[in-house]
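The values are calculated or read from the model by the stated rules, or taken from the named source; none is laboratory data. Owing to the predicted nature of the structure, the values given are computational and were not obtained by experimental measurement. Don't worry about glycine lacking a Cβ; one is built from the backbone with ideal geometry, like all the others, and counts go over all protein chains shown. Heads up: the accessible areas ignore ligands, DNA and RNA and are worked out on the full protein's heavy atoms, side chains in. Shrake-Rupley method; radii C 1.70, N 1.55, O 1.52, S 1.80 Å.
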Amino acid sequence: RATLLLSRCLLKMVKGNIIVPEDILSFCCNGLQGSTSPPRAREPGEREEAPGAMASPPAAHNPTEVQMSQLVLPCHTNHRGELSTGQLLKWIDTAACLSAERHAGCPCVTASMDDIYFEHTISVGQVVNIKAKVNRAFNSSMEVGIQVSYEDLCSGKHCSICRAYATFVAQGPLGSKVRLEPLIPQTEEEKIEYSIAAERRRMRLVHKDTLKDLLTSSPQETELETRDGSGAVPAERTRVESVELVLPPHANHQGNTFGGQIMAWMENVATIAASRLCHAHPTLRAIEMFHFRGPSQVGDRLVLKAIVNNAFKNSMEVGVSAEAYGQEMSVSRRHINSAFMTFVVLDQQGQPRTLPMVAPEPGDGERRYREASARKKIRLDRKYLVSCKQTEVPLSVPWDQSNKVYLSYNNVSALKMLVAKANWALAREKEKVRMYTLEEDKFLSFRIEMSVCIPASRAFSLLSNLRRRHEWDSHYVSAELVQKVDDDDMIYHVVSQKLRDENKPQDFVILASRRKPCSKGDPYVVAFRSVTLPTHPASAEFTRGETLCSGFCIWPESQEMSKVAYYNQAMPGYLTYVTTNVAGLSSDICSTFEACEKFLLKNKEDLISRLQDF
């Protein structure tokens with residue numbers, strides 16, 4: 001901390017044209033370079049410490065948390081004096097790997113890196129602060145969450161750069177997989193990240209299928225965009241191929257090529273390809289998932305290839321791949337990694353310039369051109385529905401084939417975030433039914449829970465079928481299954497009773513997403529949210545209602561007992577109904593849940609009777 005304070009003073013002296021001895025300045029820079037203890041960022045509303053003030057005791061950290069601070073020097077920057085994205089990727093991968101190895105207790109390798117969206121650039125003289133910690137450990141892999149920000153030493157300003165999620169695999173002797181100990185989250189934030197990590201993992205596994213489905217449903221003909229200006233640039237002119245020899249400084253402590261180094265080399269050739277299209281210096285805005293398909297070692301030759309797949313009005317996608325081979329040229333190359341990077345070219349006002357069109361080559365070039373268009377739509381869906389805050393997502397998002405994975409993710413993760421909140425307060429208790437409330441800035445949420453003598457898997461099956469909900473919930477008139485998306489996601493058209501002061505019934509178009517436990521201790525989840533379908537527009541016959549976040553979580557308490565909890569983020573139209581029940585002026589919600597218990601017990605007994613008859 002003393003070194004950081006000294007650096008601030010020295011930089012101010014330099015700006016004030018005060019001569020500073022070179023050896024002192026060098027000591028300061030070297031002290032900062034590679035430091036793993038950055039100054040604590042101020043919380044909102046917290047005052048900046050006065051010079052000489054006593055530092056407050058550090059907050060307790062997650063045992064897997066790693067903090068890294070790097071001073072951006074000229075050797076780390078591009079021609080504009082901004083931190084090279086390749087260098088930033090090296091630092092991100094290093095911090096994430098150290099965090100993973102803290103939990104695993106053994107060497108770990110990078111398996112993948114999720115989408116990264118860069119919000120700002122970082123200038124020379126600023127400090128990059130990176131915080132990485134394990135969100136969840138699965139069998140032999142774990143998800144590491146990374147937060148990157150920069151600090152201006154002169155002004156004290158802090159600003160977020162990006163968030164990233166990396167998957168690491170623990171390796172034992174001779175590359176064998178290691179079974180990991182489960183991670184136990186402690187804070188509310190850790191519980192949320194732990195819960196949603198399972199959804200992100202599921203989304204990674206179906207990413208390729210999402211692209212295939214979108215391409216299958218899209219026209220196969222390549223339609224070139226028409227744009228004013230010069231003619232289209234042949235994509236072949238942007239092609240780049242470069243070879244790198246893996247030397248000991250490029251390897252990690254296991255002898256494998258450092259994942260961050262590979263990502264940096266890939267970013268370098270992708271930048272060259274983008275420059276050949278626009279004849280300017282491009283800025284990297286986003287990286288689609290890196291996926292490492294195999295290792296490479298010291299002595300390998302890495303062949304890096306890049307080409308512009310498609311150029312949109314203000315951005316372009318560059319496809320880049322890495323292949324490895326040894327000294328023997330006769331040995332076939334091994335595919336190590338591939339990624340897609342989105343670049344823009346900024347004008348003097350910092351706004352994206354219009355880019356030239358790309359003319360793809362017949363065959364593979366046209367395929368890459370179509371796939372780039374599909375990936376752009378998927379990126380927009382994913383960024384809008386996954387990366388943004390839950391309160392920024394519209395209530396009824398249009399459902400289509402291309403965004404089904406991300407709507408399902410948003411549906412389940414919103415419910416899991418609500419479940420993980422820490423400030424639930426017991427508002428009412430009636431026999432076995434307990435009612436809790438959670439008051440936040442914009443929402444009043446409620447939770448109803450009880451223990452039921454039924455196996456959790458059976459309760460999960462019964463409560464996830466909305467067509468049977470009218471059997472226990474008097475508010476439901478009917479629920480029609482409109483579309484079975486897959487085994488875990490269904491879309492229903494629901495008709496409910498009239499509300500007070502309404503002269504016609506309500507209807508909803510609801511996406512129901514269900515999840516079985518990912519590991520021991522996880523609940524069964526049934527999540528509901530509103531969507532829109534062109535086949536079921538709002539009609540004069542009904543008042544169209546919406547639900548932002550609701551659903552069931554079911555925890556097994558024993559083989560025959562389950563804790564069933566229903567959550568709902570109350571919309572304005574239901575606030576009076578909810579508050580009346582919370583205040584004890586009505587028992588309607590408790591009565592409905594008691595009817596739910598009878599429904600579950602009755603159908604459990606029906607199942608037992610059928611099994612006995614069989």
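General observations
- Residue ID - nearest to Tyr194 (Cα to Cα), chosen from residues in the range 430-440 that are in contact with a helix residue (DSSP H, G or I) (Cβ under 9 Å, 6 or more places away or on another chain) and not basic (Lys, Arg): Leu438
- Checking each residue of the range 87-108 against the condition of being under 20 Å from the mean Cα position of the chain (by Cα) and surrounded by fewer than 17 Cβ atoms within 10 Å (Cβ to Cβ) gives no match.
- The residues in the range 450-485 that are part of a loop (DSSP other than H, G, I, E, B) and in contact (Cβ under 8 Å) with a residue 12 or more places away in the chain can be counted, and the count is 9.
- Contact map, the range 396-412: residues that are at positive phi paired with residues that are among the charged types (D, E, K, R), Cβ distance under 7 Å, separation 6+ or inter-chain. No pairs are found.
- Yes/no for Glu181 being open to solvent by less than 20 Å² (accessible area, probe 1.4 Å) and over 30 Å from Leu438 (Cβ atoms): no
- Yes/no for Asn309 being polar (S, T, N, Q), under 16 Å from Ala372 (Cα atoms) and surrounded by fewer than 20 Cβ atoms within 10 Å (Cβ to Cβ): no
- Test: residue in the range 442-461 that is under 33 Å from the mean Cα position of the chain (by Cα) and among the β-branched types (Val, Ile, Thr): yes
Conditions (1) open to solvent by 20 Å² or more (accessible area, probe 1.4 Å); (2) modelled with pLDDT under 90; (3) of a type outside the set (A, V, I, L, M, F, W, C), marked per residue:
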site: Ser217; (1), (2), (3): yes, yes, yes
site: Thr222; (1), (2), (3): yes, yes, yes
site: Thr226; (1), (2), (3): yes, yes, yes
site: Gly231; (1), (2), (3): yes, yes, yes
site: Arg239; (1), (2), (3): yes, no, yes
site: Ala251; (1), (2), (3): yes, yes, no
site: Gln254; (1), (2), (3): yes, yes, yes
site: Gly260; (1), (2), (3): no, no, yes
site: Trp265; (1), (2), (3): yes, no, no
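- Just one of the listed residues (Glu471, Glu480) is in contact with a helix residue (DSSP H, G or I) (Cβ under 8 Å, 6 or more places away or on another chain), within 19 Å of Pro398 (Cα to Cα) and surrounded by fewer than 20 Cβ atoms within 10 Å (Cβ to Cβ), and it is Glu480.
- Selection status of Ala170, part of a strand (DSSP E or B), surrounded by 16 or more Cβ atoms within 10 Å (Cβ to Cβ) and assigned by the TED database to the domain that holds Gly105: yes
- Scope the range 528-563; condition in a strand (DSSP E or B) and either open to solvent by 60 Å² or more (accessible area, probe 1.4 Å) or farther than 22 Å from Asn410 by Cα (or both); matching residues: Thr543, Arg544, Pro556, Ser562, Lys563
- Counted residues, the range 473-520 - those being of a type in the set (Lys, Arg), under 24 Å from the mean Cα position of the chain (by Cα) and more than 19 Å from Leu462 (Cβ to Cβ): 1
- Test result for Gly294, exposed (fewer than 14 other Cβ atoms within 10 Å of the Cβ) and in contact (Cβ under 8 Å) with a residue 40 or more places away in the chain: yes
- Against the test of being at positive phi and in contact (Cβ under 8 Å) with a residue 40 or more places away in the chain, the options Gly156, Gly145, Gly172 yield a single qualifying residue, Gly156.
- Extreme residue, nearest to the chain's Cα centre (by Cα), among residues of the range 316-356 that are open to solvent by 30 Å² or more (accessible area, probe 1.4 Å) and either outside the structural domain of Arg293 (by the TED database) or among the hydrophobic types (A, V, I, L, M, F, W, C) (or both): Phe340
- Among the residues of the range 122-162, just one is farther than 21 Å from Val66 by Cβ and either crowded, with 20+ Cβ neighbours inside 10 Å or outside the structural domain of Ile192 (by the TED database) (or both), namely Leu153.
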